Amino acid sequence: MSSPKTIRWGILATGGIAITFTKDLLVDPTTRGVKHVKHAVVAAASSSSKARAEQFLKDTGCPTDAKAYGSYEELAKDPNVDIIYIATPHSHHYQNAMLCLEAGKNVLCEKAFTVNAPQLKLLVDKAREKKLFLMEAVWTRYFPLSIYVRELITSGRIGPVARVLADNSVALNPEESFKDGKNRMVNPDLAGGALLDLGIYSLTWVFQTLYLTQPEDARTPPTVLAAMKKYAGTKDADEHATIILTFPRSEELGGVAHAVATTSLRVASAPGGTQDLPTTRIQGPKGEIQVYGPSFRPTSTKLVLGDGTVEEKQWPQPGPGKGSGWYNGFGSGKQPEGEGQGMFWEADEAATAVLEGRKEGKYESLAESIVIMEVMDEVRKQGGLVYPEKIETTKYPTQL
Ligand SMILES: NC(=O)C1=CN([C@@H]2O[C@H](COP(=O)(O)OP(=O)(O)OC[C@H]3O[C@@H](n4cnc5c(N)ncnc54)[C@H](OP(=O)(O)O)[C@@H]3O)[C@@H](O)[C@H]2O)C=CC1
Ligand SMILES: O=C1OC[C@@H](O)[C@H](O)[C@H]1O
């Protein structure tokens, strides 16, 4: 077997998820059976200061020769970087990703990809023009658990999927947790609210079961009916969104299918952290697949068929874990002892694509990311949620 090829990563921003992702990136891929690729973190940039980037590299355990930059522009220009991971708030993704693509860098960009679909389309055009790799970092799609669920569906065990119910809700008590309204979860200037941050996972479950599992030429965007409740504390950020999607589908493939995707900052998918309630249910005429645990990092599945069959599976993330663990945008949440977070799967896919010369991720094409962004645009339109012009704009560069 040939020796693994190394992909050189640059990390853009040094906040919560940048730390978690970088720690996962530094876990030896052979611990999860990945032998063809290795990851090296060669640089990190902070818009706050070079000192902050230095501290980030130290805290995450990166090699001492990794470069620290005090601006994103310097990172984008670094000739030793193969791919940049963007970990700023959603409000900034369009500007940051355009900067990196313009500079000739491959990009893995955190979710939500952009604030709106017109921004994403321009990024996709730029990536295609420059022949660069671009992928939305929806880590959950790359988990072995997700691959298993999609295979169960295409194997026909539950019959054609007729309905999906998917929730991602976290009882945060926003008045307490985000008192000053500045936190990115509720701040309109940072594209705050449940939909773009959390609802995207409910939509991920709907799309990866009802859309990605269809033959490519049969994938048709759904129609959207939505209700939204604004968060009174900061007004132009949503605290709940409830979305009904209707997927047109030919009779041979099972006919029209429905989905309900819900998200909330106020109530919980799993009150008190219970694992007894499925966060996603994928239903067909022969039975259903239930997914348990937070929809961004589910931990178990249950196949329940009408004939009495029940197949349960646990899906611990491989280790070793690096550090204390942290998996959400508001500082709580802990990965179980010894486990990795699970962000390495998307990193492996991005690195593999770069090695193979592919320009898109295997389990979420850019076309699918655009359809999902269009759905979220429609939900915001129906809910009357518009963000400030400086972050909705497609004008590049815009100073944020
Ligand atoms: N996949 C997942 O599980 C998760 C994904 N996310 C996604 O990652 C992104 C970042 O979230 P998270 O890490 O929680 O956010 P943080 O607020 O913890 O970090 C964001 C970082 O972005 C940089 N930044 C640049 N401009 C601004 C600005 N105006 N305001 C705030 N930060 C700024 C800062 O880094 P610096 O000063 O170094 O430039 C900051 O530390 C979001 O898009 C979110 O959706 C978040 C949590 C979990
Ligand atoms: O992507 C995410 O997953 C975990 C959530 O808690 C976090 O807010 C979100 O950004």
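Total residues in segment 196-216 satisfying the condition of being over 18 Å from Val256 (Cβ atoms) and of a type in the set (S, T, N, Q): the figure is 3.
Candidates Tyr201, Tyr142, Tyr231: the one that is crowded, with 18+ Cβ neighbours inside 10 Å, over 15 Å from Arg297 (Cα atoms) and among the aromatic types (Phe, Trp, Tyr) is Tyr231. Listed here are the strands (runs of 3 or more DSSP E) enclosed by segment 155-258 that have at least 2 residues being in contact (Cβ under 8 Å) with a residue 60 or more places away in the chain and more than 21 Å from the chain's Cα centre (by Cα): 223-230. In segment 4-16, the condition of being within 16 Å of ligand 1 (Cβ to nearest atom), outside any loop (DSSP other than H, G, I, E, B) and at pLDDT below 95 is met by at least one residue.
Scanning segment 235-250 for residues that are β-branched (Val, Ile, Thr), touching a helix residue (DSSP H, G or I) at 6+ places or on another chain (Cβ under 6 Å) and assigned by TED's automatic domain parsing to the domain that holds Leu190 turns up at least one hit. The residues on offer are Gly272, Gly308, and the sole one that is in the same structural domain as Val186 (by TED's automatic domain parsing), of a type in the set (Gly, Ala, Ser) and in a loop (DSSP other than H, G, I, E, B) is Gly308. As for segment 175-188, it holds at least one residue that is within 16 Å of ligand 1 (Cβ to nearest atom) and either within 16 Å of Glu374 (Cβ to Cβ) or among the aliphatic types (A, V, I, L, M) (or both).
The values are calculated or read from the model by the stated rules, or taken from the named source; none is laboratory data. Just so it is clear, the structure is predicted and the values come from calculations on it, not from any experiment. Every residue, glycine among them, receives a Cβ derived from its backbone with ideal geometry; neighbour counts consider all protein chains shown.
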